[in-house]
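Report on one structure; see the data block that follows.
The values are calculated or read from the model by the stated rules, or taken from the named source; none is laboratory data. Quantities reported herein were computed from a predicted structural model and do not represent experimental measurements. Cβ sites come from the backbone with ideal geometry, for glycine too, and all protein chains shown count toward neighbours.
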Amino acid sequence: MSKAIKDQAAILSKLGIEALNSMQEEASLAIQASNEVILLSPTGTGKTLAFLLPIIASLNPDIKKVQSLIIAPSRELAIQIEQVIREMGSGYKANVFYGGRYFSKDMQELNTVPSILIGTPGRIADHLRRQTFEIDEIKFLVLDEFDKSLEIGFDDDMIDICGHIPDVEKKILTSATNEPLIPGFVEIKKPITIDYLAGKTSSLTLKRVESPEKDKLKALVDLLRHLGNAPGIIFCNFKDSIQRTSDFLNEYGIDHGCFYGGMEQKERERALIKFRNGTHQLLLATDLAARGLDVPEIKFIIHYHLPVREQEFTHRNGRTARMHKEGTAYVLHYVKDELPEFINIEEVEQVESAPPLKPSGWRTLFISGGRKDKISKGDIAGLLFKQGKLDKGDVGMIELKTDCAFVAVNAKKVKALLPLVNNTKLKKKKVRVSRI
């Protein structure tokens, strides 16, 4: 068995994956064989791993410069890619740079240059203009969700990025839609296209829900009660609409989080953490949440506002029915309004009267220590079980970050727990523990 095969087997074992799917296998072979690859596959099929495996296999441990540059259209997608690399445990350093955080933090991380650099177009273009790192060893350029990163608005930054590294050996473009044209400045000439879009056997169900009133808020509450306690995303077109909808849901005691571009990055990240760990089963979001977010097990999505373009409709729907699991997308519309041409749904969901939703049984705690303090998930669980006197079923998902951690705990135990674990030592660090 070759070293490359052994290394890949070790990575898959760490990720808990028995074998690659057919798309990942074909994409990996194409990336090894060709210098230009366009990978088209539905959301949730594992495109990130498909391009990371051949990239990591090609890295040279003796080169202490950036060897691969990955561009993502949103901070969350960029962060998620970096997290996947970390979980792969390859031993290669990866960093993620994006707008909304201090540039000095980027510079500090460049003291030890990463082999893989991930970032959003604006921040990466800024680094390239300032020449903060050497580019002569960059072999891979990946444009993840390229249909979004090549849209108008990113033009200048993407032109700068492609212009700075015109001689890169391999270019990989990924997307979950087959609509966009590739601008000439990307200089894709004879790509191999791996297309898994047309042949997808979707487990997604599409349904219409008719609101008798033009203001659909009451119809939304009725639909949520009808669906019961299950994780789902409600899509709105504008952040102002999210605030109005959020206020209405609060009046009915419906737990939820909010996620949109105008929020502080810290609040966006915490909204996703609470959504993942069950503190909130519902997420009110703009189309920012339609791409690349690590939010598994979504049972449904609701189009509270109809998307303007078919592309957004596709990406929103891709949040559910992922990786062969079932899911439903509901289009909530005023009964007298016409649906866009790209939404053709015959089946109408009959919403039945249902009791109010139950509040979440989980709360999220913040812990002021993380990986850099040599703290593990096991250390955190031990603190909560021993000093916090919690039972095994009282502790939910633990998310460990570089300098902090978040953990879901039984909502009924939080009040008694905090005095027992706050300002105590975890490993060698005194940590603060608080509810967020």
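Give the range 377-436 a look and list any residue that's assigned to a helix (DSSP H, G or I) and in contact with a helix residue (DSSP H, G or I) (Cβ under 8 Å, 6 or more places away or on another chain), or say none.
Across the range 377-436, the qualifying residues are Leu383, Leu384, Phe385, Lys392, Asp394, Lys413, Leu417, Val421.
Determine if the range 8-24 includes at least one residue that is in the same structural domain as Thr177 (by TED's automatic domain parsing), part of a strand (DSSP E or B) and under 17 Å from the mean Cα position of the chain (by Cα).
no
Tell me which residues, restricted to the range 419-429, are within 18 Å of Lys374 (Cβ to Cβ) and surrounded by 11 or more Cβ atoms within 10 Å (Cβ to Cβ). Write out each step before concluding.
Initial filter on the range 419-429 (within 18 Å of Lys374 (Cβ to Cβ)): 424-429.
Matches in the range 419-429: Thr424, Lys425, Leu426, Lys427, Lys429.
Considering only residues that are farther than 19 Å from Glu352 by Cβ and without any contact (Cβ under 8 Å) to a residue 12 or more places away in the chain, which ones fall in the range 212-237?
Of everything in the range 212-237, just one residue is farther than 19 Å from Glu352 by Cβ and without any contact (Cβ under 8 Å) to a residue 12 or more places away in the chain, namely Asp215.
I need every pair where a residue in the range 385-405 that is touching a residue at least 60 places away in the same chain (Cβ under 8 Å) has its Cβ under 6 Å from the Cβ of a residue that is part of a strand (DSSP E or B), sequence separation at least 6 or different chains.
Listed pairs, sorted by first residue: Gly396/Trp362; Gly396/Ala408; Met397/Ala408; Glu399/Phe406.
Look through Glu87, Glu25, Glu36 and report the one residue that is closer than 21 Å to Tyr196 by Cα, of a type outside the set (Lys, Arg) and in contact with a helix residue (DSSP H, G or I) (Cβ under 9 Å, 6 or more places away or on another chain).
That would be Glu25, the only listed residue that is closer than 21 Å to Tyr196 by Cα, of a type outside the set (Lys, Arg) and in contact with a helix residue (DSSP H, G or I) (Cβ under 9 Å, 6 or more places away or on another chain).
Which residue is nearest to Leu223 (Cα to Cα), if the candidates are limited to the range 315-336 and must be in a loop (DSSP other than H, G, I, E, B) and modelled with pLDDT of 90 or more? Spell out the reasoning first.
Initial filter on the range 315-336 (in a loop (DSSP other than H, G, I, E, B)): 318-326, 335-336.
This time we only want the ones that are modelled with pLDDT of 90 or more, so: 335-336.
Values: Val335: 15, Lys336: 18 Å.
Selected residue: Val335.
What do you reckon, is Thr112 buried (at least 22 other Cβ atoms within 10 Å of the Cβ) and within 30 Å of Pro61 (Cβ to Cβ)? Give the derivation first.
Values: buried (at least 22 other Cβ atoms within 10 Å of the Cβ): no; within 30 Å of Pro61 (Cβ to Cβ): yes.
So Thr112 does not fit the description; no.
On the given criteria, is Lys358 at pLDDT below 90, surrounded by fewer than 13 Cβ atoms within 10 Å (Cβ to Cβ), farther than 19 Å from Leu204 by Cβ and not acidic (Asp, Glu)?
In short, no.
Only one of Glu76, Glu137, Glu82 is surrounded by 17 or more Cβ atoms within 10 Å (Cβ to Cβ), of a type in the set (Asp, Glu) and within 27 Å of Ala33 (Cα to Cα). Can you tell me which?
Only one candidate qualifies: Glu82.
Which pairs have Cβ atoms under 7 Å, sit 6 or more apart or on different chains, and link a residue in the range 411-428 that is closer than 19 Å to Gly378 by Cα and touching a residue at least 24 places away in the same chain (Cβ under 8 Å) to one that is among the polar types (S, T, N, Q) and not in a strand (DSSP E or B)?
Hits for this filter: Leu420/Gln387; Val421/Gln387; Thr424/Gln387.
In the list Ser368, Ser376, Ser434, which residue meets the criterion of being among the hydroxyl-bearing types (Ser, Thr, Tyr) and touching a Cys at 6+ places or on another chain (Cβ under 8 Å)?
The unique qualifying residue is Ser368.
Would a scan of the range 338-345 turn up a residue that is under 24 Å from the mean Cα position of the chain (by Cα), aromatic (Phe, Trp, Tyr) and not assigned by TED's automatic domain parsing to the domain that holds Lys218?
no
When Phe185 is evaluated against the numbered criteria (1) among the aromatic types (Phe, Trp, Tyr); (2) within 16 Å of Ile70 (Cβ to Cβ); (3) without any contact (Cβ under 8 Å) to a residue 60 or more places away in the chain, which criterion, by number, is the only one it fails?
(2)
crowded, with 18+ Cβ neighbours inside 10 Å and more than 30 Å from Asn410 (Cβ to Cβ): is that true of His303 in this structure?
yes
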